[in-house]
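Rule-based calculations on the coordinates, nothing more; no lab input. All figures in this text were calculated on a predicted structure; none of them were measured in a lab. Cβ sites come from the backbone with ideal geometry, for glycine too, and all protein chains shown count toward neighbours.
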C-alpha cells in the first residue's frame with residue numbers, strides 16, 4: 001500500500017517519538033473535507049504488551065486514544081499547515097470514546113479522522129479506528145494548540 | 001429547519017449539556033466564562049455542535065465574541081435562512 005506520508009514526514013509534524021509515536025503511515029488526506037486516514041500496526045515487540053497482559057496481549061485503550069489523537073494532529077496540520085509548521089504544543093481537552101472490540105498483536109488499526117471544527121488554537125474532530133473493517137473505537141476528540149510555550153509554563157494554557 | 005422559538009430552546013439545551021448544567025441554570029445573559037465556567041475549548045465544542053445541527057458555518061473570527069447565549073441567538077439569527 002502506498003502511503004502519502006511516510007514515517008519521516010509524519011515526524012516532521014508529530015512531536016511524539018518512540019515509545020510514544022503511534023502513527024506508522026498516513027494513507028490519505030483530504031484537506032477540503034478535513035479528513036485523514038492513518039495506519040498503525042501493532043506487533044509482538046510493542047513494549048506495553050509486556051504488562052498488558054502477560055500472555056494475553058491487548059492494546060490498552062489509552063494507547064488507541066493516543067493514536068487517534070495523533071491522527072487528529074495530522075488532520076489539524078492538513079488544514080492549518082502554517083501553524084503546524086511552527087511546531088506548536090498540542091494537548092487533549094476532552095475525549096468521548098466507545099470501545100467496540102479488543103485490538104491485539106498483528107492487528108492493523110486504520111484510523112479515520114474527520115474535522116467538526118478546526119481553528120488556529122483548537123480543534124474538535126470525530127475519529128473511528130477499525131481493524132479489518134470492523135469498528136474498534138469511535139471517539140469525539142477536542143484538543144488545544146499553543147504556539148507560545150511560555151504560556152504552558154505560566155499555567156495559562158486556556 | 002427549526003423556527004426561531006425552537007432554535008433558542010435547542011441551543012440552550014445544547015449549551016447546558018456541554019456546560020454540564022440544567023437549562024434552568026442558564027440565563028440568556030449569563031457570561032459563559034465567569035458565570036458558567038465555559039472555557040475556550042468548551043466554547044469551540046458548542047460552536048462545532050451548532051454548526052453540525054443547523055448546517056451553518058460560524059467564522060473563526062466570530063468565536064471570541066460568543067460570550068453568552070444571547071450572543072449565539074443573535075449570531076444564529078443572522079446565519080439561518082429567513
Discussion item. For a quick check, take a GNM of chain A with Cα springs below 10 Å and name the residue from A:36, A:59, A:26 with the largest mean-square fluctuation.
Written reply: A:59
Fill in: Shape call, segment A:1-78: gyration tensor on alpha carbons, a/c limit 1.5
prolate
Worksheet item: Which value does Rg/Rh take for chain A over its C-alpha atoms, Rh per Kirkwood?
Response: 0.96
Worksheet item: Over all residues in B:38-44, what is the mean tally of Cβ atoms on other chains that come within 10 Å of each residue's Cβ?
Response: 6
Fill in: In degrees, nearest ten, helix A:61-79 long axis to first principal axis of chain A (Cα)
40
Worksheet item: How far apart, in nm, are two points set 7 Å out from the Cα along the Cα-to-Cβ line at residue A:101 and at residue B:53?
Response: 3.4
Practice prompt. Divide the volume of the convex hull of the Cα atoms of segment A:1-41 by its number of residues and quote the answer in cubic angstrom per residue.
Written response: 75
Worksheet item: If you count, for every residue in A:116-126, the Cβ atoms of partner chains within 10 Å of its Cβ, what is the mean?
Response: 6
Discussion item. Taking the Cα of residue A:52, stepping 7 Å toward and past its beta carbon, and measuring to each backbone N in segment A:88-103: which are under 12 Å?
Written reply: A:103
Worksheet entry | Ellipticity estimate at 222 nm from DSSP helix runs (n ≥ 4, -39,500 (n - 2.57)) divided over the protein assembly as shown, nearest 500 | -10000 deg cm²/dmol
Response to the item:
Helix B:40-54 sits off the longest principal axis of the Cα atoms of chain B, rounded to the nearest 10 on a 0 to 90 degree scale, by 30
Worksheet, complete the sentence: Scaled by the rule-of-thumb 2.2 N^0.38 Å, the alpha carbon Rg for segment B:4-79 gives a ratio of 0.97
Worksheet item: Helix B:4-19 versus the longest principal axis of chain B: what is the Cα-based angle in degrees, 0 to 90, to the nearest 10?
Response: 40
Item to complete: Summarise the long-distance tail of P(r) for segment B:35-74 by giving the % of C-alpha pairs beyond 10 Å.
Response: 73
